[in-house]
Amino acid sequence: MPIATSNDATSQLNALVERGAPTAEFLPFFASKREAASYLASANAARFHPDAAADLCAACSQRPVTRLIVYRWNAVFFDGFGFGPLDALKLALGHVGVTIKKEIIGFNTTHPLCESCGKRLRNRRWIADVLNFIGLFSVIVAGVAASTCWAGVFYFDLKKASERNEWYMMTAVSTAVLLAGVICLWLMKRLRVPPALRFLASRPFFYQSSKMPKHP
Ligand SMILES: [Zn+2]
């Protein structure tokens, strides 16, 4: 619950939800970021409830609706390191385990789409899946390679010019691939959600998944 429960605070909060304000603007009303996030989650879930779906497309706000898209938005909160009975048991068995306690706050929103925005989004989601795969793969592989190369450039005493140039070359290539992977992942995020709805992915919330059921 908000700290201030006066009518004034409630109407201010409603206005912020209506405007799609970032989470930072909700923080003054709550004791913690977590409380602000759970308020935002339930408010947006109610605002974009399946029964509340409007008659016009949520992406172009021009054409009539033929299908829906359901998004899942999540936020993850970490509680620091926990040491519970299971960890004590693991320690006794010779395994040192650290459990990170986390809480996921998530909500669904449903949005109406017209035929052409729906088709475009479907194609873009397919491209996003491919980009996601390429991006993750290159971030992991090039990340390991780039950190090795950078460490080599800084710590190895490279005396021969040819050796040095080889390391610089490898460092430049692996760093470029790493950046390309990061750009892929960033693009993917933008492709999955139309600009009009991107405010829902404002931190701490992020895109989790989506599905496109037929409009009843
Ligand atoms: Zn549309």
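Every number in this text was worked out from the coordinates using simple rules, so none of it is lab data. What you see is a predicted model; the values in this text were computed from it and never measured. FYI the Cβ positions are ideal-geometry reconstructions off the backbone, even for glycines, and counts take in every protein chain you see.
Please compute the Cα-Cα pair-distance distribution of the chain with 5 Å bins starting at 0, giving whole percents from short to long.
Computed distribution, short to long bins: 1, 6, 10, 12, 11, 12, 12, 11, 9, 7, 5, 3, 1, 1, 0.
What's the FRET efficiency of residue 54 with residue 102 using the Cβ-Cβ distance as r and R₀ = 41 Å, to the nearest 0.05? List each step's numbers first, then the result.
Working: r = 35 Å, r/R0 = 0.85.
After rounding, the FRET efficiency stands at 0.70.
Could you work out the relative contact order of the stretch 48-211? I mean the mean sequence separation of Cα pairs under 8 Å and 6+ apart, divided by the number of residues, in percent. Spell out each step's value before the answer.
Working: 228 pairs, mean separation 54.0, N = 164.
Value for the stretch 48-211: 33 percent.
What does the helix-only formula give at 222 nm for the chain: each DSSP H stretch with n ≥ 4 adding -39500 (n - 2.57), the total divided by the residues, and the result rounded to the nearest 500 deg cm²/dmol?
Computed ellipticity for the chain at 222 nm equals -17500 deg cm²/dmol.
On a 0 to 90 degree scale, rounded to 10, what angle separates helix 161-192 from the longest Cα axis of the chain?
Roughly 10 degrees, rounded to the nearest 10.
If one takes the longest principal axis of the Cα atoms in the chain, at what angle in degrees, from 0 to 90 and to the nearest 10, does the Cα axis of helix 7-19 lie?
Compared with the principal axis, the helix lies near 60 degrees.
What is the angle, in °, between the Cα long axis of helix 115-155 and the longest principal axis of the Cα atoms in the chain? Nearest 10 is fine, range 0 to 90.
Value to nearest ten degrees: 30.
For the stretch 1-78, state which chymotrypsin sites (Phe, Trp or Tyr not before Pro) are in a DSSP loop and have at most 12 other beta carbons lying within 10 Å of their beta carbon.
Numbers: sites: 26, 29, 30, 39, 48, 71, 73, 77, 78; in loops: 26, 30, 48.
Hits after loop and neighbour filter: nothing returned.
Could you give the nm distance between label points at residue 10 and residue 153, where each point is 7 Å from its Cα heading toward the beta carbon?
5.9 nm
What ranking, highest mean first, results for peptides 193-199, 150-156 when packing means the other Cβ atoms within 10 Å averaged over each residue? Don't skip to the end; give the middle numbers.
Numbers: 193-199: 15.9, 150-156: 11.9.
Packing proxy ranking, top to bottom: 193-199, 150-156.
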